[in-house]
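This report concerns only the one structure given below.
The values are calculated or read from the model by the stated rules, or taken from the named source; none is laboratory data. Small disclaimer: the values here were computed from a predicted structure and weren't measured. Here the Cβ positions follow ideal geometry from the backbone for every residue, glycine too, while neighbour counts run over all protein chains shown. To get the accessible areas, we keep the full protein, side chains included, count just its heavy atoms, and leave off ligands, DNA and RNA. Shrake-Rupley method; radii C 1.70, N 1.55, O 1.52, S 1.80 Å.
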Amino acid sequence: QIPVVAVMTTGGGTRALTSLLGNLLGLQKLDLLDAISYITGSSGSTWTLSHLYQSADWSRKDLSRPIDEVRRHMTKCKLSCFSLESFKYLFCCNLACPYTMPRRSLGFALSLFPVNSQKNNHRLSDERQALSQGQNPLPIYMILNIKEDYSLSEFKEWVEFTPYEVGFLKYGAFIRAEDFGSKFFMGRLMKKLPESRICFMKGNVLHCKNLNCIKMYFILQRTVSKQKHVHLLYPSEGDEPSSPARSHELETYLVTPECGIMGIIRQVLTERVMVSKFYNFLKGFQMHNEYLQSTSFCMWKDTVLENFPNRLTETAEFMCLADTAGYIDISYPPLMRPERKVDVVLHLNYSSGSQTSPLEEASKYFLKQGIPFPKVHLSEEEKKNLKECYIFEDTETPEAPTVVFFPLVNDTFRKYKEPGVERSPAEMAQGNVDVSSIFSPYCLNSFTYTEEEFDKLVDLTSYNIQNNKHLILQALNSAIEQKRQHKK
């Protein structure tokens, strides 16, 4: 009779990082955090999850301490991250570190600085310590596998990461988290490579067209012009992934301040999404010989290449991983696996643009896939004046989860500092939190907040959860009633 409850978060850079902390604080204050079975994240929200899950009992402790730690990093200057010395260190790590392998993605290094300023050896499999007694929700990190020569409408596959396993939802194929990045062939582990540190894996979810990257470009352009031309050579590692071989390239990695670094940064600024390559653990794995007819592959069969099994993932040397925001900024898919039997989803939205678009697009997508999901429709007038919380459900389909939708809006918080407690005239300024205009300090291009900006966003998102306790409980009670009716 107990409903399975999940928290679904979107991306949104440091806005998502900060807002998720506030939302979780609100759930903790309502004593509802213990009711959560899963937390899914993509892009910026994964920064929050990977930070929290370094503590084995984070949900049982007061969240004020991790919030203060993130606050300290979010309010300090980031220019030191763009120094020439920092980039020399980061590129050496990318090219030579046995844990990261020679990956030529700038995002791997940059992903660390929003919540950390020092080396961190934390790995995805280490997060099992935070789950060993069922003391925290299971974190699920979401990303897309794409093909570089095809658009996302033509090919994309959902890939989920948990501390226990990594795998493709479409094929039902998973490997142990600590084996991700190793060489597989026909389903067998051929070459075990060290597990990557999670700070580098988070680079998969960085948005490339970020103002800070542009700032970094000009800072380096000025800095490098004053440096001597230096070549850093590293022997080629035959057992580690690299870009496809070209006849005119030497069997070495060549990085120069004037060419190598600047070339990669230019690539970062011009590419649509950041793509990170890992060994494909499905390489050589034979699909079912009745793939086109089999009901086993009925979910996520949504791209034009599905009718050509020989052009699917099994033939690729590498997985090309990219941010889900390139398609739909959601992390719903793992929750839609029928085995997880999720009854209630708390949809916490931090994405840019229309606050309702990710949910509306998710609804259309799942309904098209034949996956039970409530229909979502808001009028244009409602979208212009969004409330703090909405409930969407499909009472005729018991398998469809009830969605409790929290857009990132500032509504009653302007007048109330706590639910039912009005602000005094002197406190009205604290309720002025701009989360929607083009002048908002919480835009995707911002990696640094003032202390006041950080505190306001945490307070707002915590308040929005607490102020809608009645709607959350309504959804939980509705799910319980549906379970009873379905059992009968």
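Annotations
- Lys364, Lys383, Lys469, reordered so the largest accessible area comes first (probe 1.4 Å): Lys364, Lys469, Lys383
- Segment 350-488 - percent of accessible surface contributed by carbon and sulfur, probe 1.4 Å: 49 percent
- For segment 325-375, the per residue solvent-accessible surface stands at 35 Å², with DNA, RNA and ligands left out and a 1.4 Å probe.
- Environment charge at Gln135 (Cβ cut-off 14 Å; Lys +1, Arg +1, Asp -1, Glu -1): 0
- Only protein heavy atoms count here; under a 1.4 Å probe, Arg484 has an accessible surface of about 110 Å².
- Accessible area per residue, Å², segment 418-469 with all protein chains present, probe 1.4 Å: 51 Å²
- Residue ranges 194-200, 125-131 sort as 194-200, 125-131 when ordered by packing (mean number of other C-beta atoms within 10 Å per residue, highest first).
- A simple packing score, the average count of other Cβ atoms within 10 Å per residue, orders the peptides 437-444, 339-346, 424-431 as 339-346, 437-444, 424-431, with the highest score first.
- Cβ-based net charge around Tyr164, under 15 Å, with every Lys or Arg adding one and every Asp or Glu removing one: -3
- The peptide list 392-398, 38-44, 452-458, put in order of mean Cβ contacts within 10 Å with the highest first, becomes 38-44, 452-458, 392-398.
- Positive minus negative residues near Ser424 (Lys, Arg vs Asp, Glu; Cβ under 13 Å): 0
- Cα-Cα over 29 Å, subset of Lys192/Lys364; Lys183/Lys364; Lys341/Lys364; Lys76/Lys469; Lys156/Lys341: Lys192/Lys364; Lys183/Lys364; Lys76/Lys469
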